[in-house]
């Protein structure tokens with residue numbers, strides 16, 4: 001199976017509520033993947049960011065509910081969407097990695113499908129270009145799409 005890295009080009013830095021444009025899109029993409037039967041890992045840069053995404057997912061309307069948990073939370077059953085951060089991740093197998101980290105996560109090569117972002121801010125674009133190069137070196141088929 002070919003490994004796929006999908007980069008979304010974010011044209012605006014405008015926040016959407018409490019979330020950045022990138023974080024809001026990550027939540028929407030995780031929800032879409034879950035509705036398609038995928039098990040998703042959202043890899044955040046910080047614990048604070050993870051808690052922000054967790055809260056945003058809980059704030060969705062009932063008809064947009066997305067079953068999720070933070071890494072390390074005790075649950076009886078594994079939820080389809082896990083939100084992790086650097087240094088905190090459960091070991092459950094996931095189909096899709098949505099990365100919000102500044103660098104390519106060490107575990108990224110264990111996924112067949114990765115979603116990453118190219119934010120509107122120039123400094124973050126430079127980091128995204130580096131991640132793009134690394135995914136390509138790891139053998140991922142690369143794709144980009146405007147958000």
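Just so you know, all these numbers are worked out from the coordinates, no wet-lab data involved. Source: prediction; values computed, not measured. A quick note on method: Cβ atoms are made from the backbone with ideal geometry, for glycine too, and the neighbour counts reach across all protein chains shown.
Couple of notes before you dig in:
- The alpha-carbon atoms of segment 1-119 define a convex hull whose volume equals 111 cubic angstrom per residue.
- Largest GNM mean-square fluctuation among 123, 24, 33, using the chain with Cα springs under 10 Å: 123.
- Label-point separation, residue 4 to residue 112 (7 Å along Cα→Cβ), nm: 1.0
- Length available on full extension from residue 103 to residue 90: 0.36 nm per residue minus the Cα-Cα distance, which gives 2.8 nm.
- Label zone (residue 124, point 7 Å along Cα-to-C-beta; backbone nitrogen cut-off 18 Å) within segment 53-75: 53-57.
- Full extension of the chain between residue 144 and residue 35 gives 37.0 nm of extra length, using 0.36 nm per residue less the Cα-Cα distance.
- Between 36, 97, 25, the residue with the greatest mean-square fluctuation in the GNM of the chain (Cα pairs under 10 Å linked by springs) is 36.
- Difference of contour (0.36 nm per residue) and Cα-Cα distance, residue 51 to residue 78: 7.9 nm
- Listed residues 49, 101, 92, most fluctuating in the chain (Gaussian network, C-alpha, under 10 Å): 92
- Length-normalised contact order for segment 30-147 - Cα pairs under 8 Å, 6+ apart - percent: 25
- Cα centroid of segment 110-131 to Cα centroid of segment 1-46, whole Å: 11
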